[in-house]
């Protein structure tokens, strides 16, 4: 499976909103890594950042490795990278022992530290891991072709467990329409970290 095939599949939506030079991304969005697109889009809008997302319908859920998400296979993604110089990519994951851990990978380690500080203040019930050696090797986002590292100043890959995305039974009675309180705190912290990043 290649990226362009996913984009061409019926029901897949590709979204690009160009605003600031920092951009949020969620290219495993929709039904694949649930709520990642909602979080990235809301944080981008709140902070005036740019946004790129790929949303898969419930009947698809194809996962393509990040380093296969290629700008030369998408006009919108290419335009996104021509516009931004730093990115924050939002992913979802689930792994035993990490159910309350947010992992901050990617090659821009100064930005990871900056974002990590805002997340710790906003989400005291979670563990924020921004020391690269403490992140499982397959979730560090260090591959040079990973979109988090393509922009001029690279960026931070944030792996979110289900709980902070509001997709666990813990929030079974949350009726919305806004995201659950944990997710709202996450979005606000991400937006604030984007607004206060000096590059």
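So here's what we get for this one:
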{"item": "Residue list for the stretch 63-72, filter: in a loop (DSSP other than H, G, I, E, B) and either free of Cβ contacts under 8 Å to residues at least 24 places away in the same chain or in contact with a strand residue (DSSP E or B) (Cβ under 7 Å, 6 or more places away or on another chain) (or both)", "result": "63, 65, 69"}
{"item": "Among residues of the stretch 132-152, those that are in contact with a helix residue (DSSP H, G or I) (Cβ under 9 Å, 6 or more places away or on another chain), closer than 20 Å to residue 118 by Cα and either in a loop (DSSP other than H, G, I, E, B) or in contact (Cβ under 8 Å) with a residue 40 or more places away in the chain (or both), counted", "result": "2"}
{"item": "Odd one out for residue 111, checked against (1) surrounded by 21 or more Cβ atoms within 10 Å (Cβ to Cβ); (2) not in a helix (DSSP H, G or I)", "result": "(2)"}
{"item": "Failed criterion for residue 101 (all others in (1) surrounded by fewer than 22 Cβ atoms within 10 Å (Cβ to Cβ); (2) more than 25 Å from residue 165 (Cα to Cα) hold)", "result": "(2)"}
{"item": "Condition check for residue 127: surrounded by fewer than 21 Cβ atoms within 10 Å (Cβ to Cβ) and at pLDDT below 95", "result": "no"}
{"item": "Where residue 37 falls short, out of the listed (1) more than 11 Å from the chain's Cα centre (by Cα); (2) under 14 Å from residue 159 (Cα atoms)", "result": "(1)"}
{"item": "Those residues of the stretch 161-194 which are touching a helix residue (DSSP H, G or I) at 6+ places or on another chain (Cβ under 7 Å), crowded, with 19+ Cβ neighbours inside 10 Å and not in a helix (DSSP H, G or I), in sequence order", "result": "166, 179, 180"}
{"item": "Residue 87 being part of a strand (DSSP E or B) and closer than 17 Å to residue 140 by Cβ", "result": "yes"}
{"item": "Near pairs, Cβ below 7 angstrom, 6+ apart or cross-chain, from the stretch 35-52 (over 15 Å from residue 21 (Cα atoms)) to any residue that is part of a loop (DSSP other than H, G, I, E, B)", "result": "35/166; 35/167; 38/179"}
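Quick grid of which residues meet (1) within 23 Å of residue 8 (Cβ to Cβ); (2) in contact with a helix residue (DSSP H, G or I) (Cβ under 6 Å, 6 or more places away or on another chain); (3) surrounded by 24 or more Cβ atoms within 10 Å (Cβ to Cβ):
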position: 34; (1), (2), (3): yes, no, no
position: 45; (1), (2), (3): no, no, no
position: 56; (1), (2), (3): yes, no, no
position: 75; (1), (2), (3): yes, no, no
position: 89; (1), (2), (3): yes, yes, yes
position: 95; (1), (2), (3): no, no, no
position: 122; (1), (2), (3): no, yes, no
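The values are calculated or read from the model by the stated rules, or taken from the named source; none is laboratory data. Keep in mind it's a predicted model, so treat the numbers as computed, not measured. Glycine also receives a Cβ, built like all others from the backbone with ideal geometry; neighbour counts cover every protein chain displayed.
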